[in-house]
Structure formats: structure tokens, C-alpha cells
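Following: one structure in C-alpha cells, then a few remarks.
Quick note: the coordinates plus some simple rules give every number you see, no bench work behind them. What you see is a predicted model; the values in this text were computed from it and never measured. A quick note on method: Cβ atoms are made from the backbone with ideal geometry, for glycine too, and the neighbour counts reach across all protein chains shown.
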Amino acid sequence: MLGYVSFVGAGPGDLGLVTEKGIRCLREADVVLYDRLANPRLLRVIKADCQLIYCGKLPDRHMMRQDKINETIIEKARIGKKVVRLKGGDPAVFGRVGEEAGACQMEGIGYDIVPGITSSIAAASYAGIPVTHRDHSASITLRTGHSSEETNEENITRYEHGDTIAYYMGVKNLDHHCQVLMRQGFSPETKVAVIEWATTGKQRTAEGTLPTISNEVIKQQIKNPAMTIIGDVVGLRDQLKWFEKKSMFGKRILIAKSSAEESGLERYFLDQGAEAYAFPTLKIAKKPISIDWLARIRAADNLLFRAPESVAILFEAFCSEGYDLRDLPREIYCLSEKTKRVLLNKGILSEKITRITEDMIQVGYETKQESIEDETNLLLTHSLKYDARFTEIDQRMLHEETWETVIFPSKSSVDWFVKTLENYGIEQLSQLSFAYIGERVKEYAEKKGFQIVNEEVQQELGLGKWKNTQR
């Protein structure tokens, strides 16, 4: 039985700009082939057994040739897989979806095309530039910026362009395009904006006119991926720009993880305009829970959850044996605000504590920082492991960016951070300044060799404020 292929637009970069249908396709996929410009954070929603294949293309080299991409899509679909081809922006706007879908059509493989927000319109909007305006622009032209001087651009007249022109990936040929437009009758005073890494915390915008923009781009070292917007609407940017005004815009923040859950801190800083990345990507390996253990928990007076993941795992085991929440001990405790929230979502009130008493039955997994004297009272529900599928993504994100600060939400996150850097052979990030949540975490980070505590950054990042919102 043949599989099925979905060509999904990932949008321009901001996690919130992918469609609901696109996310549903990712959740159901058996295989995802993804590009460099598709935000890799989107891939965290995939199934535990979904295969990831990187097709990323860099300006100076291709990771996978187009014919090989087509072959791989067809190969996976032929063996019955649900395949997602994830592309930055919209797959039908300079995304070569016509070639890839055409290859599926020739092989009799079913497919659909899930549109995404195309980068030109998104980049302009995030730079404060509406691509159309009642007083300035009634039309827009989308053009590839890769065309060379041998193309027939010279044969296009001034009036065959829209009032606004958007060039995709046009940094290399920017001066050529500007010169051609002036020869076609555009005024030298025509405004131009070049927007790099639009809709992300890495966004930068260079402004100028047709004769000056190339030098401005060189001066600011703007590189692809970048969108070039040309037309009178660029003049509205001073009045309408909004993204650059976000409180954390331009910050480069790493968040050390110690759980398999989505990082609330990452989402918080992304929403505030920062470039934030949470790692490593971890997965849960469940451990079997015996009937004897369930009986011990039912008979206990006090139950302590050491990890948020343990809540769902224990409840699943309870239900499988015909028990429910009424069979839990009356006194429920936890060690973190996250675990407390998870329990509350299950309808259970718990008390967060810092001191564990001997009469408590503990559920979770033992961390390296805290030894447990009597392990007979500890039920290990799971272990955390690296999700090897994300190793290439993590390494690329750590190597390709210039990070300023790492945030440690917990003591275990310090250990995972150190261990991950050692595994990846990355030494320079161990010298980053750090921020923290809680004095105990600060002390532990210093004990592990992190020396630079930037108190100004600590206050600026508002971690205390963020923590209070999680209560």
C-alpha cells in the first residue's frame, strides 16, 4: 500500500506562524524531510518513532541534491509511510513544490500541499512595512533574487512590476537588481529595505534607496536568508515598526533543559522577541510499574512526586489496574512548580516542599545532585535520554548562533547542559554568563564551574516575574 506525502509550509520562522493543519501533518508523520529555513523547533511535535531527514541548503553548498530529495520522498511513500516535506515559508512560492509534487504524480503517489505564510509578506509585516497600502501600493510582485545578469530582467518595463517588489534571497545580486530597476524607470529615490532572518529574534533590517542599499547591506553585513522590499511602502516603517520594540528583541538566550516537556521559558522569550533555544531534546523511557508498587502507594499516607513526567506515568498505571484518583494517598507533595501545575491539571492539590521526610513514598527518578538514602521508598517511573534524532539540530543551533546567556531553571538542568556540551565537543559555551531561577541553582552552577553571573541580565530577563506567572 502506498503512503502519502504532505508538502507543508513552515512559515517564515516565528513558531506561531505555521498553520494548524501543518502541525497536524507533523504530528501524524512517519518521516519528515526538512529544510534549513524551516524552524527546527517545529519538529518537537513529531511522534517518538518519526524519522527526521535534513535536506538543508546553505548558500555555498547543498546538503542534499534536488533529485535525491525527490527520490527519498518517493522511496518512503512507496513503503507506506506518511511523509511530510517541510519547507520554510510557503512551498509554492520559490519552494520547488511543483517539481517534488510532480515526481509524486508520476509515481501515482497521493499528496497535498499545505500553504504557509510566505516570507516576503511576513518579513515586511515584522519590519513594519505593509506590502500594500491605499495611498502607496495597489499591487505586489514576488521575484526570485537568484536571477543572474543573463536573464531577461532588462526586458521588463517599469509598469510590468507591482507598486511593491519583493526579492527572495537577493543579497548576492542586490546591486544588479537595483541597477536594472533604475534603468527601467524607477526613481533613484525609491526606498528599499533588506530584512534578514525575518520574524525571529535574529531579525535585522537595512534601509536605503536603490543606489545606496547595497553599500548599507555590506556595511551591516546582512546575509541570506533575507528579503528585499522595494517601494514607497518602505517609508511607512518608521511609523509602523513594532517587532524591534519588544522587550527582549535581539537577545540571544540558551535555556538548559532537564525534562522532556516543552520549555515554557523558551516560549516566553520567543514571544518577547528574543532568539531563544532550549536544549537538549530529551525523551522519556518508561519503566514498568508492578502491582505491588501500586498497592504500596495506595496504602501510603504521604506521596511525593519528584518529576512532572511521573504524574502521567503513575496515573496511567493506576487506571490500567482499575484504580483512580480516589486511591491516591491523601497527602500529596512535589518538588517543583511545574510538577505542582501538572498535578493541579489532574484535579489534585499538592504542597511544594524542599525537605523530604522518611515516611514519604517517592515517585520519579533520582537526579545526580540528590542522593536518596532509602531507595526502597523510591519508585522509578522513567528515565530521561537524549533524543538522538535532534543531535544534528542541536549542534547546528549551538554552532551557527552567537549566544549571550544560558538560563538554568534547575540544578539538573546544569548537569544536562554540561554533559551535552561535552558530548558535542563544544567548549566555548561553557564560558557564557548565566542566569538562574533560585539561589540553590545559582550556587550549584558556580560549584560546577560557571563563574560569570550577570546580575544585570538576571534582572533584565525578568526571571522572577516569569516564575511568579507559573504559580
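Over the C-alpha trace of segment 383-462, radius of gyration and Dmax come out as 13.0, 36 angstrom. For the pair Leu380 and Thr212, label points projected 7 Å from Cα toward Cβ lie 6.6 nm apart. Computed from the C-beta positions of Gln428 and Arg78, the FRET efficiency with R₀ = 56 Å rounds to 0.80. Express as a percent, rounded to the nearest 5, the fraction of DSSP beta bridges in segment 4-117 (both residues included) that run antiparallel. So the antiparallel bridges amount to about 15 percent of the total. Return the lysines within reach of Lys287: Cα separation strictly under 16 angstrom, same-chain partners fewer than 8 residues apart disregarded; answer none if there are no such residues. By straight Cα distance, Lys287 reaches Lys385. If you take the Cα centroid of segment 1-39 and the Cα centroid of segment 157-233, the two points sit 29 Å apart.
Think of segment 169-291 as a dipole: +1 on every Lys or Arg Cβ, -1 on every Asp or Glu Cβ, centred on the Cα centre; then among Thr209, Tyr268, Leu240, Tyr268 lies furthest on the positive end. Each residue, Asp324 and Lys47, gets one label point 7 Å from its Cα in the Cβ direction; the gap between the two is 3.1 nm.
Comparing Cα centroids, segment 328-359 and segment 126-147 end up 54 angstrom apart. With 27 Å as the limit, the listed pairs Lys286/Lys419; Lys47/Lys447; Lys202/Lys257; Lys251/Lys442 have Lys47/Lys447 beyond it between alpha carbons. The distance between label points at Lys241 and Thr19 comes to 3.2 nm (points 7 Å beyond Cα on the Cα→Cβ vector). Per residue of the chain, the DSSP helices (runs of n ≥ 4 H) give a summed -39500 (n - 2.57) that works out to -9000 deg cm²/dmol at 222 nm. Towards the positive end of the charge dipole of the chain, with charges on Cβ (+1 Lys, Arg; -1 Asp, Glu), say which of His161, Gly449, Met106 has the farthest Cα. Checking the options against the dipole of the chain, the answer is Met106.
Please order His177, His133 by the number of other Cβ within 10 Å, starting at the fewest. The order, fewest Cβ neighbours first, is His133, His177. Each residue of the chain gets 175 Å³ once the volume of the Cα convex hull is shared out per residue. Nearest 0.05, what FRET efficiency do Lys448 and Glu71 give at R0 = 41 Å with Cβ-Cβ as r? Plugging the Cβ-Cβ distance into 1/(1 + (r/R0)^6) gives 0.30. Full extension of the chain between Glu262 and Asp359 gives 31.7 nm of extra length, using 0.36 nm per residue less the Cα-Cα distance.
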